[in-house]
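The structure under discussion appears below in the form of structure tokens.
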Amino acid sequence: MSAKSVIFTGLRQATRPGCLMALLLVCGLHNRVRAQGWKSGQGSPVHDSDRLYPIGTKSIVLENDRLSLTFDQSTGALTGFINKDTGWRWQTKPNLGESFNLFAPTPDRSYNPVLGARNRLASFDKSTDGRTLTLVWSNLESEYQGRLDITLRGVVHLDGDSARFEMTVENHSPHTIASLSWPIIGSLAEPQAVMKLSTWNYGSLSVMPLWNPASQSAGYYGTDYPTRILDGRFVLASTSTQGLYVGAHNADAEENVKYMFEVKPGFEISYGNRNPQTSTISGHPVRLTMQVVHYPFLNSGESGPLAPIVLAPYRGDWHAGVDVYKRWLATWFHPLPMPAWATQIHAWQQLQINSSEDDLRTKYVDLPARVADDPKHGITVLQLVGWNRGGQDRDNPTCDTDPRLGTAAQLKDAIARMENMGIHVVLFAKYAWADTSTDWYKTELYKHMATDPYGDIYTWAGYRYQTPEQLAGINPRNLATACSNDAAWRKILAGEFQKVIDLGADGVLFDEAQHRHSSDYNLCFNPNHGHHVPATIWSGDIKLANMYRTMIRNTVGEKNFLFSGEEPEDVLEEAYSLSYLRIEPGHTPEERYVFPFRPMMIAVTGFDDREMINHALMYRYILSYEPFNFKGDIKDFPLTVDYGQRVDALRKRYKDYLWDAEFRDTLQAKVRVRGAKYSDYSVFVRKDGRRAVVVTNTKWDEPIRATVVLDAMANRLLFCATPERPDAVPCGATVTIPPRSVIVLMEH
Ligand SMILES: [Zn+2]
């Protein structure tokens, strides 16, 4: 069906219902009448599930040559959303369209919704160029508090293949606006569609079914329907050939945004969580809704903008969806300076010398001996962990040395000696939490922790080390979530960080640079911290990273000191020059694809860890050797180190193909094994356009014969090399790869 006919059909459905539509509308009308008498939350949730908007007969169409968005002129509901390139409808049915939802909790009713279904547009205005639509709702009818003096001014702007939704909220009601969902896609996909949902997670993409099975993340007991709520900069809803990018484009992170998916009315079969396959079940409309949920926490009398939301349909796989994010990133992302060595091919060792359970493994003076072999294996950086008072994950955020391991002068001397041996020392530090077991915490630090709306500190149970007592969870050191928007807390951290600089280290690795966020600890409501109540911790973390950067700039200099972190996400990544992460089977190199040249490092812990190292080669990750879970010596796992050295030697030899070339993941080439699509490969593109394809065989026991087909083949000769046979030899496009091995094919 052509794009034009799709739109024509859509308009016809809205104005002159066909036979099928008439049935649907009668059904809808029936549900509407039945549901409108009930307030949201009252009686059975069937009334909310069945509730349809009083969609009128007039529409407002916003379109360009790529997109067509249709809004109901009466309610402002989004009734149509079409990718004209593919004809795909991202809002499946006009009668299931929705506008917004809002929650304004009162002291005695946290569930205090304002439904878009009850509110009509106060006005709308379409710009003369037809690309911008302003929708205004005001004096909102709420479910339980009558009319509220709240004005929502939404602006939808088309820009090529993207639709940007921006909203300004004026809150003159007596209540706080805790959450506000807009836009809402009232019916994202037909029940039968096989679709996936993906989101950024720890340098990778988490992928889950959009519908079923188990399309829920929130506990069943707490929701009315199967519900999934995701965070992250963006989500992708996709078929195998196209998708929809939904992202929050607020680089200041002043507001958190989440993505909520609800299956209404519920699963057809709860044994295995299968959704209904029909458009109604027992008279209830079947639909999957997506709400972009803002958490503005605009208090009474406050006004402000919400995070801009971009909806962009795309053709292709996840790379095309992530390209939307890359384009936005290019408008504001500017990585800060770093030492030159961090950008080169090199390897690290991570070593923990004391845990929170006082194993006191190595004194400072003995450190150089433990890493003496590193340089001859190409290991030029040591990430030193547990050097601080109390050991790893204890006494946070202290950067004092531990007298049981030696003096600060001894550590400084050991660092200097290791630097002389050719080893850069990067000190592990953790500034995200405070250890609640210390006197420091009980007398001072608790004041600077993030508190929930009830004034209680967001805490969690901490980490467990070595002893059966701690592994059983009897004595872990609990961790409280620090509020990085509290200037007094940042001042404490500045004092601690200065100690790291004073020790003469070559850098710091801020562990769990953003872990609070994945623990749902995103906001601080403490009224004594000098920030808006509440404030996002994300925005504070940007301030914190910039503070550290300023300190480095003003002392040792950014080119002499690496500021790095454990997998900081996008808005923090500008300041953190290197990401440390761990990968596992199923890893999708989303972050590597977004940042082709960013220093990223993965843990290598196995005693013959070829597969992990092959993935490092494939995805351009730096190796971090960590025998005995980063407590051992490099000589403990010679098989791993030997293979890692061969891979790094190969990377150095063909640096122009494997390091200085742009990572394209699986784009620009296809690989087939036994005639079937094969996915364990990656493509690098050199500055002159010549490509390398890295193909791995993850099978343990048999070779594979892989055929590589490069897009737009220029009939260049192919050369092959492997870590074991590094001299490149001419080869065809079909190669045999032994078990547990990797091969690099290069265009001559
Ligand atoms: Zn705070």
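The values are calculated or read from the model by the stated rules, or taken from the named source; none is laboratory data. Here the structure is a predicted model, which is why all the values come from computation and not from measurement. With ideal geometry, Cβ positions are generated from the backbone for all residues, glycine too; neighbour counts draw on all protein chains shown. All accessible areas refer to the heavy atoms of the entire protein, side chains included, with ligands and DNA or RNA removed. Shrake-Rupley method; radii C 1.70, N 1.55, O 1.52, S 1.80 Å.
Anything in segment 431-470 that is basic (Lys, Arg) and either in a strand (DSSP E or B) or over 17 Å from Gly540 (Cβ atoms) (or both)? List them, or say none.
Taking segment 431-470 first, the residues basic (Lys, Arg) are 442, 447, 464.
Listed by number, the residues that qualify are Lys442, Arg464.
Hey, Arg417 hits all of (1) in contact with a Leu (Cβ under 9 Å, 6 or more places away or on another chain); (2) crowded, with 19+ Cβ neighbours inside 10 Å but one; which does it fall short on?
Among (1) in contact with a Leu (Cβ under 9 Å, 6 or more places away or on another chain); (2) crowded, with 19+ Cβ neighbours inside 10 Å, Arg417 violates only (2).
Please work out which residue is nearest to the ligand (Cβ to nearest atom), limiting yourself to segment 471-499 and to residues that are part of a loop (DSSP other than H, G, I, E, B) and of a type in the set (A, V, I, L, M, F, W, C).
Of everything passing the filter in segment 471-499, Cys483 is nearest to the ligand (Cβ to nearest atom).
Under 8 Å by Cβ, and 6 or more places apart or on different chains, what pairs join a residue from segment 291-318 that is of a type in the set (Lys, Arg) with one that is part of a strand (DSSP E or B)?
If the second residue must be part of a strand (DSSP E or B), the pairs left are Arg315/Asn83; Arg315/Gln242.
Search segment 520-546 for residues that are more than 20 Å from Ala494 (Cα to Cα) and pair each with any residue that is within 8 Å of the ligand (Cβ to nearest atom) and of a type in the set (Phe, Trp, Tyr) when their beta-carbon atoms are under 6 Å apart and the residues are at least 6 apart or on different chains.
Short answer, once both residue conditions are applied: Val533/Phe525; Pro534/Phe525.
Give me a count of the residues in segment 56-71 that are assigned to a loop (DSSP other than H, G, I, E, B) and surrounded by 23 or more Cβ atoms within 10 Å (Cβ to Cβ).
Narrowing segment 56-71 to residues assigned to a loop (DSSP other than H, G, I, E, B): 56-58, 64-66.
If we keep only those that are surrounded by 23 or more Cβ atoms within 10 Å (Cβ to Cβ) as well, we get none.
Matching residues across segment 56-71 total 0.
What number of residues in segment 376-403 are open to solvent by 20 Å² or more (accessible area, probe 1.4 Å) and not charged (D, E, K, R)?
Going through segment 376-403 one residue at a time, the tally reaches 5.
Going through segment 362-375 one residue at a time, which ones are in contact with a strand residue (DSSP E or B) (Cβ under 9 Å, 6 or more places away or on another chain) and open to solvent by 40 Å² or more (accessible area, probe 1.4 Å)?
Passing the criteria: Arg370, Asp373.
Which one of the conditions (1) touching a Lys or Arg at 6+ places or on another chain (Cβ under 8 Å); (2) surrounded by fewer than 22 Cβ atoms within 10 Å (Cβ to Cβ); (3) small (Gly, Ala, Ser) does Ala432 fail to meet, given that it meets all the rest?
(2)
Only residues that are within 21 Å of Val695 (Cβ to Cβ) and among the aromatic types (Phe, Trp, Tyr): list them for segment 621-672, please.
Answer for segment 621-672, where residues must be within 21 Å of Val695 (Cβ to Cβ) and among the aromatic types (Phe, Trp, Tyr): Tyr621, Tyr643, Tyr654, Tyr657, Trp659, Phe663.
Go over the candidates Ser579, Ser564 one by one and state the one that is under 16 Å from the mean Cα position of the chain (by Cα) and either within 16 Å of the ligand (Cβ to nearest atom) or open to solvent by less than 40 Å² (accessible area, probe 1.4 Å) (or both).
Among Ser579, Ser564, only Ser579 is under 16 Å from the mean Cα position of the chain (by Cα) and either within 16 Å of the ligand (Cβ to nearest atom) or open to solvent by less than 40 Å² (accessible area, probe 1.4 Å) (or both).
Among the residues of segment 610-648, which ones are over 20 Å from Gln383 (Cα atoms) and in contact with a helix residue (DSSP H, G or I) (Cβ under 6 Å, 6 or more places away or on another chain)?
Correct list: Arg610, Leu617, Tyr619, Tyr643, Val647.
Which of the residues belonging to segment 270-290 are free of Cβ contacts under 8 Å to residues at least 60 places away in the same chain and in a strand (DSSP E or B)?
Of everything in segment 270-290, just one residue is free of Cβ contacts under 8 Å to residues at least 60 places away in the same chain and in a strand (DSSP E or B), namely Ile281.
Quick one: what pairs do we get from segment 442-466, first residue away from the ligand (no atom under 12 Å from the Cβ), second basic (Lys, Arg), C-beta under 6 Å, 6+ apart or different chains?
If the second residue must be basic (Lys, Arg), the pairs left are Gly462/Arg477.
Looking for whichever is in contact with a His (Cβ under 8 Å, 6 or more places away or on another chain), touching a residue at least 12 places away in the same chain (Cβ under 8 Å) and of a type in the set (S, T, N, Q) here; the options are Ser204, Ser173. Which one fits?
Ser204
Rundown of residues vs (1) under 16 Å from Leu745 (Cα atoms); (2) modelled with pLDDT of 95 or more; (3) basic (Lys, Arg), yes/no style:
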position: Asp609; (1), (2), (3): no, yes, no
position: Tyr621; (1), (2), (3): no, yes, no
position: Phe628; (1), (2), (3): no, yes, no
position: Lys655; (1), (2), (3): yes, yes, yes
position: Trp659; (1), (2), (3): yes, yes, no
position: Ala676; (1), (2), (3): no, yes, no
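Of all residues in segment 105-131, which are under 34 Å from the mean Cα position of the chain (by Cα), free of Cβ contacts under 8 Å to residues at least 60 places away in the same chain and assigned to a strand (DSSP E or B)?
Across segment 105-131, the qualifying residues are Arg109, Val114.
Just give me the residues in segment 706-721 being open to solvent by 30 Å² or more (accessible area, probe 1.4 Å) and either within 30 Å of Val641 (Cβ to Cβ) or in contact (Cβ under 8 Å) with a residue 60 or more places away in the chain (or both), in sequence order.
Phe719
Among the candidates Arg651, Arg672, Arg740, Arg725, which residue alone is under 32 Å from the mean Cα position of the chain (by Cα), under 30 Å from Thr380 (Cα atoms) and outside any helix (DSSP H, G or I)?
After applying the criteria, what remains is Arg740.
So which residues in segment 328-360 are open to solvent by 30 Å² or more (accessible area, probe 1.4 Å) and either under 30 Å from Tyr465 (Cα atoms) or assigned to a strand (DSSP E or B) (or both)?
Of everything in segment 328-360, those that are open to solvent by 30 Å² or more (accessible area, probe 1.4 Å) and either under 30 Å from Tyr465 (Cα atoms) or assigned to a strand (DSSP E or B) (or both) turn out to be Glu357, Asp358, Asp359, Leu360.
Collect the residues in segment 72-86 that are open to solvent by 20 Å² or more (accessible area, probe 1.4 Å) and farther than 14 Å from Tyr53 by Cα, keeping them in residue-number order.
Lys84, Asp85, Thr86
Could you list all residues from segment 458-485 that are under 25 Å from the mean Cα position of the chain (by Cα) and either open to solvent by less than 30 Å² (accessible area, probe 1.4 Å) or of a type in the set (Val, Ile, Thr) (or both)? Explain how you work it out, then say what you get.
Residues of segment 458-485 that are under 25 Å from the mean Cα position of the chain (by Cα), as a first pass: 458-463, 479-485.
Thr459, Gly462, Leu479, Ala480, Thr481, Ala482, Cys483, Ser484, Asn485 - these are the residues of segment 458-485 that are under 25 Å from the mean Cα position of the chain (by Cα) and either open to solvent by less than 30 Å² (accessible area, probe 1.4 Å) or of a type in the set (Val, Ile, Thr) (or both).
Can you report the number of residues in segment 500-547 which are under 25 Å from the mean Cα position of the chain (by Cα), away from the ligand (no atom under 15 Å from the Cβ) and open to solvent by less than 10 Å² (accessible area, probe 1.4 Å)?
Of the residues in segment 500-547, 6 are under 25 Å from the mean Cα position of the chain (by Cα), away from the ligand (no atom under 15 Å from the Cβ) and open to solvent by less than 10 Å² (accessible area, probe 1.4 Å).
Please work out which residue is nearest to Gly540 (Cα to Cα), limiting yourself to segment 241-258 and to residues that are crowded, with 20+ Cβ neighbours inside 10 Å and among the β-branched types (Val, Ile, Thr).
Of everything passing the filter in segment 241-258, Val257 is nearest to Gly540 (Cα to Cα).
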